[in-house]
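Asks: To start, I am sharing the structure in question, which I have written as structure tokens.
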Amino acid sequence: MKIKQVILRHLKLDLLEPFTTSFGTEYDRDFILVEAQSDDGISGWAESVAMLDPLYNEETLKTNWHILEDYLIPIILKNEIQHPDEISEKYFKHIRGNYMAKAAIEGAVWDLYAKKQNASLASALGGIKKKIEVGVSIGIKDSIDSTLDMIETCLGEGYKRFKLKIKPGWDVELIDKVRKVYPEIPLMADANSAYTLQDIDRLSALDDFNLMMIEQPLAYNDIIDHADLQSRLKTPICLDESIHSLEDARKAIKLGSCKIINIKIGRVGGLTEAKKIHDLCLKHEIPLWCGGMLESGIGRAHNIAITSLPNFTLPGDTAASSLYWAEDIIEPEVTVDNGMIMVPELPGIGYEPSLEKINKYTIHSQTYNLS
Ligand code: OSB
Ligand code: MG
């Protein structure tokens with residue numbers, strides 16, 4: 001497979017509602033869309049999930065553009081790629097970090113590869129599920145009542161799991177009130193690293209609400225204190241920010257830092273690494289689910305494909321396009337029916353990127369050719 005052209009586009013989509021986590025509020029979503037075109041004119045698509053500011057992790061839209069333009073795209077244009085697994089295993093191996101930048105171009109090549117095989121991305125990755133279960137991630141709101149309203153709406157739409165963002169002071173009382181109204185719903189909390197071991201009393205208080213899991217309570221780069229915390233809680237800890245690779249997952253499992261892992265394709269450097277973490281977790285009976293980064297439909301399509309692998313046994317964060325965007329950039333949009341998404345069977349990501357809509361939301365673009 002020879003890639004003859006790569007196009008980077010900076011898009012900006014307005015979020016229908018601001019999304020607040022312990023690290024900040026997003027009002028809109030700026031992201032890089034990657035289009036990789038083969039010499040026979042087929043395009044593969046993916047997006048970088050890096051945000052404008054280095055708050056979730058250290059990557060940003062600008063660092064991703066730089067790494068893509070100056071390092072990753074030249075490698076992709078220069079080499080004949082037989083299989084997308086070679087990208088992380090061979091071509092990008094010497095470049096440290098920059099997981100989201102790597103995942104963005106690797107994902108576009110995976111889509112292209114699947115299209116050339118006339119296979120869905122899901123089946124090219126070894127996916128087996130025809131439909132996937134999904135939940136919602138509910139940001140920090142200005143009142144507990146508005147959180148309860150959001151849960152009610154999403155329950156009505158059949159979502160299978162409810163994740164509430166928490167931070168110190170927006171935690172025990174919130175979960176207590178939600179549990180009083182909804183004693184049985186599959187409920188979890190995501191702290192995005194807002195606590196330390198000094199908050200053990202608060203975290204222990206959360207242990208009494210039958211939560212499915214607490215996601216990333218402690219530091220974004222920690223697996224030691226999480227192991228300590230897990231030994232003191234019956235609620236499973238799920239790691240998000242701390243897991244960037246197969247090696248990170250192996251060490252976290254070995255230390256007992258978590259009982260569940262959230263896979264984000266961008267955070268782990270791409271689909272090939274995500275598959276490897278999937279296989280390791282299957283072996284160790286660590287359940288998985290696919291996280292979200294407020295993606296456009298292109299990123300959502302990739303998430304749906306990886307979630308079709310067998311060990312994604314817990315509902316993920318890939319909710320319907322209409323929960324985030326007035327209009328998405330793919331056709332059809334991602335729809336959720338009774339908490340389920342049908343895994344597309346068409347070649348590649350299985351949704352058509354709409355060039356008209358993509359152009360409408362593009363702020364800047366740059367084309368790279370083999371020179
Ligand atoms: O921690 O999972 C997270 C959004 C941005 C950054 C980090 C996270 C999130 C979400 C939203 O929880 C997931 C989504 O709905 O896409
Ligand atoms: Mg998270």
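Readers should treat all values here as calculations from the given coordinates under stated rules, not as data from a laboratory. Because the structure is predicted, anything quoted here is derived from the model rather than measured. Cβ placement follows ideal geometry from the backbone for every residue including glycine, while neighbour counts extend to all protein chains displayed.
Asks: Compute the distance in nm between two label points, each set 7 Å from the Cα along the Cα-to-Cβ direction, one at HIS83 and one at ASP145.
Replies: It is 5.8 nm.
Asks: With springs only between Cα atoms under 10 Å apart, run a GNM on the chain and tell me which of LYS275, LYS357, LYS90 wobbles the most.
Replies: Highest fluctuation among the options: LYS90.
Asks: Which of ARG9, ARG300 has the fewest other C-beta atoms within 10 Å, and how do the rest follow up to the most?
Replies: Neighbour counts put them in this order, fewest first: ARG9, ARG300.
Asks: Given 25 °C and 0.890 mPa s, how large is the Stokes-Einstein diffusion coefficient of region 29-172 in µm²/s, with Rh as the Kirkwood radius over Cα pairs?
Replies: 137
Asks: Any idea what the relative contact order of the chain is, in percent, if you count C-alpha pairs under 8 Å spaced at least 6 apart?
Replies: 23
Asks: If I take R0 = 35 Å and measure r between the Cβ atoms of LYS62 and ASP208 in this structure, what FRET efficiency does the formula 1/(1 + (r/R0)^6) give, to the nearest 0.05?
Replies: 0.20
Asks: If you stretched the chain out fully between ASN369 and LYS251, how much longer would it get, using 0.36 nm times the residue separation minus the C-alpha to C-alpha distance?
Replies: Between ASN369 and LYS251, full extension yields 38.5 nm more.
Asks: Identify all aspartates and glutamates with a Cα-Cα distance to LYS141 below 16 Å; exclude those on the same chain that are fewer than 8 residues away in sequence.
Replies: GLU17, GLU26, ASP149, GLU152, ASP171, GLU173, ASP176, ASP190
Asks: What FRET efficiency, computed as 1/(1 + (r/R0)^6) with R0 = 25 Å and r the Cβ-Cβ distance, is obtained for LYS177 and ARG232, rounded to the nearest 0.05?
Replies: The pair LYS177/ARG232 has a calculated efficiency of 0.50.
Asks: Let me ask something else. Report ³J(HN,Hα) in whole Hz for each residue of region 62-78, in order, from the Karplus equation J = 6.51 cos²θ - 1.76 cosθ + 1.60 where θ = phi - 60°; Gly and Pro get x.
Replies: Going residue by residue, I get 5, 5, 5, 4, 4, 5, 5, 5, 8, 10, 6, 5, x, 5, 5, 6, 7 Hz, with x marking Gly and Pro.
Asks: Among ILE277, ILE265, LEU61, whose Cα sits farthest toward the positive end of the charge dipole of the chain (+1 at Cβ of Lys/Arg, -1 at Cβ of Asp/Glu, about the Cα centre)?
Replies: ILE277
Asks: Another question, if that's okay. Run the helix sum for the chain: -39,500 (n - 2.57) per DSSP H stretch of 4+ residues, divided by residue count, reported at 222 nm to the nearest 500 deg cm²/dmol.
Replies: -9000 deg cm²/dmol
Asks: Shifting gears a bit: Taking the Cα centre of region 123-342 as origin and charging only Cβ (+1 Lys, Arg; -1 Asp, Glu), how large is the dipole, in debye to the nearest 20?
Replies: Result for region 123-342 is approximately 800 debye, rounded to the nearest 20.
Asks: Hey, what did region 251-371 get for relative contact order, percent, Cα under 8 Å, at least 6 apart?
Replies: RCO, region 251-371: 20 percent.
Asks: Sticking with this one: Can you list the DSSP H helices in the chain whose Cα atoms extend at least 27 Å along the helix axis and whose mean Kyte-Doolittle hydropathy is 1.0 or higher?
Replies: In the chain, no H run is both long and hydrophobic enough.
Asks: If you don't mind, there's one more thing I want to ask. For the chain, would you read off the P(r) tail past 26 Å as a percentage of all alpha carbon pairs?
Replies: Tail of the P(r) past 26 Å holds 48 percent of the pairs.
Asks: Something else about it: Expressed as a whole number of Å, what is the distance separating the alpha-carbon centroids of region 145-179 and region 226-279?
Replies: 24
Asks: Do any chymotrypsin sites (Phe, Trp or Tyr not before Pro) in region 129-229 lie in a loop, going by DSSP, with at most 10 other beta-carbon atoms within 10 Å of their beta carbon, and if so which?
Replies: none
Asks: Also, quick follow-up: Once you place label points 7 Å from the Cα toward the Cβ at LYS360 and ASN118, how far apart are they in nm?
Replies: 3.4
Asks: Gaussian network model of the chain, Cα springs within a sub-10 Å range: biggest mean-square fluctuation belongs to which of ASP337, ASP222, ASP201?
Replies: Its mean-square fluctuation being the largest, the pick is ASP201.
Asks: Let me ask something additional. I need the Debye-formula profile for region 123-342: one equal scatterer per C-alpha, no solvent, reported as log10 I(q)/I(0) at q = 0.08, 0.13, 0.17 1/Å, two decimals.
Replies: The calculated log intensity ratios at q = 0.08, 0.13, 0.17 Å⁻¹ are -0.26, -0.72, -1.24.
Asks: Where in region 345-371 does the label zone of LYS4 land, with the point 7 angstrom along Cα→C-beta and an amide N cut-off under 13 Å?
Replies: Backbone N within reach: 369-371.
Asks: Exceeding 20 Å between C-alpha atoms, which entries from my cross-link table qualify? They are LYS163/LYS259; LYS62/LYS357; LYS62/LYS102.
Replies: LYS62/LYS357
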